Amino acid sequence: MPPLVLRRTSEALVGTLSLTSPQRALLLNLSGTCHALLGQVSEAIDDFEAALRSDASGTVNLLNCANLHRRAGRTDQALTCFRRARQVCPDGTEAAVGAAGLLIDEKRDYVSAHAILSTVRSRLETDDTAESRQGLRLLCVLAHALGHSDEAGDLVRIVSGSSAAPLLLPEFYRDTKAIDKARAHFLTALRADAPCPFLDLLKIGLPLSYQGRQNLPALREVERYYRYAFGVPPREDPQEIVPGRERCPHRLRVAFLSANLGNHSVTKDRRGIIERLDRSRFEVIVLTLEAVRDAMGGVVCGAADRHIVLDKRPGDNVGTILHLNLDVLVYPDIGLENRTYWYALHRLAPVQVTTWGHSETSGLETIDYFVSSALFEPPSAQENYCERLITMRSLSTYYHRPPPIHGRARWQYGLPTAGHMYLVPATMIKLHPDFDRYILDVLRGDEEGFVVLITDRKPGLVRGVRGRLDEALGPTMAARLHLVPYQDAFGDFLGLLSVADVIMDSHPFGSCNTSFEAFACGVPVVTHPSRFLNGRFTAGLYRRMGFTDLVVDSRSEYTKTCVRLATDDAFASRMRTLLNERAGLLFGEDASVTEWGDVLERIAKRRLVDPTPLDFTPGPMDVVVIGNGPSAVRHSLGAVIDRFKRVVRLNGYRTKGYELFVGAKTTTWAVSDKIGMNRERYESVAEVQLVCLTAKRDAWGRTRSPYEGLDKCELLGEDIERAVMEAGAGAVGPASRWPSTGLCVLYHLAKGDSDRCYVVGFDAFESDGDSLHYYEEHDVCDHDRDVERKALRALEEGGKVIDLATACGAQCSDVGTKILAKQ
């Protein structure tokens, strides 16, 4: 019988029955079910509540009411109904699972959810129903999230029949050895395709980001595993799925897809861009995975031209996105949330982009670009991404300045009113074991200081971090470590920032939004940038403001700077004055909106990957030498370099992934005798002539070089090295530092038959970033910088070498502001 007929029949019968009749409750329940099937949620709730008045012990009515309240977004009413259902039937699994799911999704109350499911665990294990299996999976994820590792491992084995526990990466580690061990077990389980019973509930691999390691290879493994588990092949061309679509000739259609467009840090980062993209150039669509339920979400979704809720089955939602005929699809935060990751596995638009809502490469072959800022990225950043990296000159975010906070005091947070307050505002998952030493050193350096941490909603994580710190600090200094409750209200969090003397940026994973907010409050942050984007935001904000006094490059400098900031009133006053004068540069940055618009337009038109070649043709006897300094990736000179007949590269050079900047051609490989034999490279590049340098001869005229005697080997004499040293006014002798491979090659070529010798990437081992090489993290210089600089200048002034970028008229930008080619 159709639902409409059923409803009218039940309504007619209801009026004939007494208020307390069990049949009346049954008919009201039937009427409510029909209303629900017809999508009439309010009417259905009225019927179920009336049924409860007739029969208060009816668990079916209570569960129906709870589920409908939840569907309508009435969280508290739904929880009340679930609670009443559990009182009527304490061992009922449906009410327990429903209440736990609601507490997780809406309240983030993992402790209460875990407690509820734990009371019915025996029933969950014995009942072979979909509800019980879902409850066990939820309990497993909660046990893991709360730090109950043994319980989580047992539940994995119960649910899956095999041990997939290594896929549940811990969020807390006692030391770095534990990190390495967990990573190894995790990768082994991935490669073995271990069954994961909670893959739809938990984004596996997320804790990798907080371990301070290079994660690109691991995240590629995560992608492979998800594709295998979900059966999702990459879709390279959406045009084949939805044929015959026409594009708007006037505006590009750009969508932002996220599960976190609400009261979340991701929204703070992207809100201004979504609001302010030029609507004469772009149609902006916001795609969310559920209805918006807070004011901030309403603001950002209301600012879009269209807001679409992807609340259907995932397969149907894929069709919805494809039929939007997007030019560019932007994922602000791939990796934070499982559902978003599932969509990102697909090819849903011709160009797909991610950015630093989650400051990590996606690891996905379906994502084309990662948008970041040159202010944040190190020179060798491309090696951290599978996407093509776009580094903007701007901050790449239009950040709204938070409201001012006044009149807060330490006593309001239960903190000492005397002494120097060092606040570590990072969430506890960011507190790496290495950072314990930073806290210890600060407390040792300032006997009047105390350190404040903010607790987490996950008690297992709090217990683990506190225990590890207590052990590292010892009882005396541990007494000067204070924990304050998690600050649910944003105003309370800003107030806590405002009462600190010093904010300690965590290392290696640092803060981003918190540093924006601290600077808005005028509170200085001391930071030690790491190798990866997630540890470099605060330093980038200081660079944007034009002073870096509080950016340090070692743990010892970090300690000295923190203590000085707390104890030296004049220094602290100067830093706070600079912040108050310049913090405005961080907020409402129109250049970010402009640059986002330009980038979206260019990548949509496929112009970024093939920039206009420079009009330069080398002569037949010209040679170009490509140094390994970070300036090699300041200009898109790859096409020009490949026009030379002779291209010289040095030692551990790389071209793969950097062709846009340094080309792909190699005719001469100059290598020091300190470099061990690399037969693969020697044999694979047919045109290469090996040049072996600084090879010392013994009394019989032999060298220790593994290259001597090879067919292509040309051995340079020690006279070249002496010429470089003399030109650089360096001392020559057994204890002296011998010159670099690159300079020896240049002086060798200067004596030869080349018409002109051009250079790229010669920086005399001076760099603005962390690395001395464009393709790897390398910060140890074995050469005399002063000698290198003077010897190179002598060649330039004598007309022996010419800077290729200058000769081409290439436009120079900061390191990394061009797009590095995809590796």
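The values are calculated or read from the model by the stated rules, or taken from the named source; none is laboratory data. What you see is a predicted model, and the numbers here were worked out from it, not measured in a lab. Note: ideal-geometry Cβ built from the backbone for every residue, glycine included; neighbour counts use all protein chains shown.
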Do we find that residue 501 is within 30 Å of residue 418 (Cβ to Cβ) and under 21 Å from the mean Cα position of the chain (by Cα) in this structure? no
Only one of these conditions is not met by residue 306: (1) farther than 25 Å from residue 605 by Cα; (2) surrounded by fewer than 19 Cβ atoms within 10 Å (Cβ to Cβ). Which number is it? (1)
I need a count of the residues in the stretch 639-672 that are touching a residue at least 24 places away in the same chain (Cβ under 8 Å), part of a loop (DSSP other than H, G, I, E, B) and within 28 Å of the chain's Cα centre (by Cα). 5
When only residues in the stretch 519-531 that are of a type in the set (Gly, Ala, Ser) and more than 21 Å from the chain's Cα centre (by Cα) count, which is surrounded by the fewest Cβ atoms within 10 Å (Cβ to Cβ)? 522
Picking from 766, 721, 776, 788, the residue that is modelled with pLDDT under 75 and surrounded by 16 or more Cβ atoms within 10 Å (Cβ to Cβ) would be 721
All-but-one check, residue 618 against (1) assigned to a helix (DSSP H, G or I); (2) of a type outside the set (D, E, K, R); (3) buried (at least 18 other Cβ atoms within 10 Å of the Cβ), failing number (1)
Using the structure shown, decide if residue 408 is within 30 Å of residue 461 (Cβ to Cβ) and basic (Lys, Arg). yes
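Residues that are closer than 23 Å to residue 430 by Cα and either modelled with pLDDT of 95 or more or in the same structural domain as residue 352 (by TED's automatic domain parsing) (or both): does the stretch 238-259 have at least one?
yes
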Can you tell me which residues in the stretch 403-424 are in contact with a strand residue (DSSP E or B) (Cβ under 7 Å, 6 or more places away or on another chain) and either on the phi > 0 side of the Ramachandran plot or loosely packed, with under 12 Cβ neighbours inside 10 Å (or both)? 414, 419
Failed criterion for residue 379 (all others in (1) part of a loop (DSSP other than H, G, I, E, B); (2) touching a strand residue (DSSP E or B) at 6+ places or on another chain (Cβ under 8 Å); (3) closer than 29 Å to residue 559 by Cα hold): (2)
Checklist (1) assigned to a loop (DSSP other than H, G, I, E, B); (2) touching a helix residue (DSSP H, G or I) at 6+ places or on another chain (Cβ under 6 Å); (3) not β-branched (Val, Ile, Thr) applied to residue 406, failing item: (2)
Can you find even one residue in the stretch 638-651 that is charged (D, E, K, R) and closer than 13 Å to residue 380 by Cβ? no
Determine which single condition residue 150 fails, assuming it passes every other condition in (1) at pLDDT 85 or above; (2) closer than 29 Å to residue 467 by Cβ. (1)
With (1) within 30 Å of residue 544 (Cβ to Cβ); (2) more than 18 Å from the chain's Cα centre (by Cα) as the list, and residue 356 as the residue in question, which single condition is left unmet? (2)
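Given the structure, is residue 94 more than 23 Å from residue 206 (Cα to Cα) and among the acidic types (Asp, Glu)?
In short, yes.
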For residue 497, indicate whether it is among the aliphatic types (A, V, I, L, M) and closer than 16 Å to residue 411 by Cα. yes
State yes or no: is residue 400 assigned to a loop (DSSP other than H, G, I, E, B), surrounded by fewer than 18 Cβ atoms within 10 Å (Cβ to Cβ) and touching a residue at least 60 places away in the same chain (Cβ under 8 Å)? yes
Output the number of the condition that residue 182 fails; it satisfies all remaining conditions of (1) more than 27 Å from residue 455 (Cβ to Cβ); (2) without any contact (Cβ under 8 Å) to a residue 60 or more places away in the chain. (1)
Whether any residue in the stretch 89-100 is surrounded by fewer than 17 Cβ atoms within 10 Å (Cβ to Cβ) and of a type in the set (Val, Ile, Thr) is what I want to check. no
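I need the helices (runs of 4 or more DSSP H) fully contained in the stretch 524-596, keeping only those with at least 2 residues that are farther than 28 Å from residue 444 by Cα, modelled with pLDDT of 95 or more and assigned by TED's automatic domain parsing to the domain that holds residue 437. Give the derivation first.
Details: elements: 537-545, 555-567, 569-582.
The helices (runs of 4 or more DSSP H) meeting that bar are 537-545, 569-582.
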Residue match in the stretch 346-358 (condition: at pLDDT below 95, buried (at least 21 other Cβ atoms within 10 Å of the Cβ) and of a type in the set (Ser, Thr, Tyr)): no
Do you know which residues across the stretch 192-210 are within 17 Å of residue 220 (Cβ to Cβ), part of a loop (DSSP other than H, G, I, E, B) and in contact with a helix residue (DSSP H, G or I) (Cβ under 8 Å, 6 or more places away or on another chain)? 193, 203, 204, 205
